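Working notes, beginning with the structure itself.
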Amino acid sequence: MTTSRRITLATRPTEQVALTDFGSDEVELPALQKGEILVDVEYLSIDPTIRGWMAYDTYLPKIGIGEVIRSAGAGRVVESRNKAFPVGSRVFGMPGWQTRAVMSGGVPIPEGVSYEQALSVFGVTGLTAYVGLKDIGKPQPGETVVVSGAAGGVGSIAGQIAKIMGARVVGVAGSPEKCAWVVDELGFDDCIDYRAEDVAAGLRRTCPEGVDVYFDNVGGETLNAVLGQIKDHARIILCGAISQYNTGAPAPGPANLINAIPRRALLKGFIILDHMDRAGEAAAEMGRWLAEGKLQSRTHVLEGLDSAPLALQELFTGANVGKSLVRV
Ligand code: NDP
């Protein structure tokens, strides 16, 4: 008999995620059907979107009460009825918050790529930064790019890619330590600590000629401040709005949105699941940048399946620097 220990949804959050929103159980797993694999889950990717899946239907249906928390993750195949995933191979997919998962497939993790790399720079996080900039932001050499959530998983990679593309890059992050990291270690040109400085004032200080591209991970007041200082033909990459995910009711729209009209700005949202066919191209290019020392990837790892709810909470308090993971 094969069992799995799981973290499940107990109650739907309406505001901040609480540890009491989660339950746990141990279940017997069904025998494998043709094409399926049994995976020992070794790492979980902790993503802000899980907060949405717990509460409401979004681009995926909400998680059912009592169901395992839906999550990306990675692990080793321990039983296989799928020739593409032999026993012993490693796979990235959607196992959920549990110790073992029956999966119908996933993405093989190549030799030489660690789980932490597979779930950060080579995973959805890196791909999101890559596609957002390459397809929507398209920064030109010398243009000014602002990235919010700059010290987080997506933001830290997005800012570095914008530098590689030749832009001047200004981050927005929530502490002096985070700002120092993105400037001193990652090579951003400047950074606004939004908890210590008014963002509009910070933008006037760091981007006196205005903003060409904004990679938005947070929405809310920061988005509004940037919209007030965009240049003609600015591109706004609507990637995430984490400042809005825990509010009980939708916040009013940004007052400065009207500025997008005279500035002929483009605002475009995207969901990375629509762009998984770009994973190979992104991995090849980012792998080269990593090898050349142009790109760094940092992870924030909590230990043990039971730390997953805390890891999710931490995304909203800003305790993470880099991509948040749980080592199961
Ligand atoms: P991060 O690693 O960036 O973690 C979240 C960070 O958000 C925190 O570290 C915190 O940093 C910041 N934050 C939290 N609350 C607030 C707030 N109220 N105001 C401003 N900043 C806040 O997470 P990810 O890299 O995984 O995700 C970043 C964004 O990208 C999210 O919005 C996510 O939903 C989105 N996303 C979108 C995808 C898509 O397909 N469109 C795919 C993947 C991610 P600080 O200390 O700086 O406040």
Legend entry - Lone unmet requirement of (1) surrounded by fewer than 19 Cβ atoms within 10 Å (Cβ to Cβ); (2) away from the ligand (no atom under 12 Å from the Cβ) for ALA234: (1)
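Residues checked against (1) in contact with an Asp or Glu (Cβ under 8 Å, 6 or more places away or on another chain); (2) touching a residue at least 12 places away in the same chain (Cβ under 8 Å); (3) part of a loop (DSSP other than H, G, I, E, B):
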{"position": "TRP181", "(1), (2), (3)": "no, yes, no"}
{"position": "GLY187", "(1), (2), (3)": "no, yes, yes"}
{"position": "GLU197", "(1), (2), (3)": "no, no, yes"}
{"position": "ARG204", "(1), (2), (3)": "no, yes, no"}
{"position": "VAL218", "(1), (2), (3)": "no, yes, yes"}
{"position": "LEU223", "(1), (2), (3)": "yes, yes, no"}
{"position": "ILE237", "(1), (2), (3)": "yes, yes, no"}
{"position": "ASN256", "(1), (2), (3)": "no, yes, no"}
Legend entry - The lone exception for GLY280 - which of (1) out of contact with any helix residue (DSSP H, G or I) (no Cβ under 9 Å at 6 or more places or on another chain); (2) over 25 Å from TRP181 (Cα atoms); (3) assigned to a loop (DSSP other than H, G, I, E, B) it fails: (3)
Legend entry - Of all residues in segment 157-179 being within 11 Å of the ligand (Cβ to nearest atom) and assigned to a loop (DSSP other than H, G, I, E, B), the one that is surrounded by the most Cβ atoms within 10 Å (Cβ to Cβ): GLY174
Legend entry - Residue that is modelled with the lowest pLDDT [pool: residues in segment 15-48 that are of a type in the set (S, T, N, Q) and surrounded by 12 or more Cβ atoms within 10 Å (Cβ to Cβ)]: GLN16
Inset, instruction - Tell me, yes or no, whether segment 25-32 has at least one residue that is over 21 Å from SER104 (Cβ atoms), touching a residue at least 12 places away in the same chain (Cβ under 8 Å) and either among the polar types (S, T, N, Q) or not assigned by TED's automatic domain parsing to the domain that holds GLY153 (or both). - result: yes
Legend entry - Checklist (1) of a type in the set (A, V, I, L, M); (2) more than 21 Å from the chain's Cα centre (by Cα); (3) in a loop (DSSP other than H, G, I, E, B) applied to ILE63, failing item: (2)
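The values are calculated or read from the model by the stated rules, or taken from the named source; none is laboratory data. These numbers come from a predicted model, not from an experiment. As a convention, Cβ positions derive from the backbone with ideal geometry for all residues, glycine included, and neighbour counts pool all protein chains shown.
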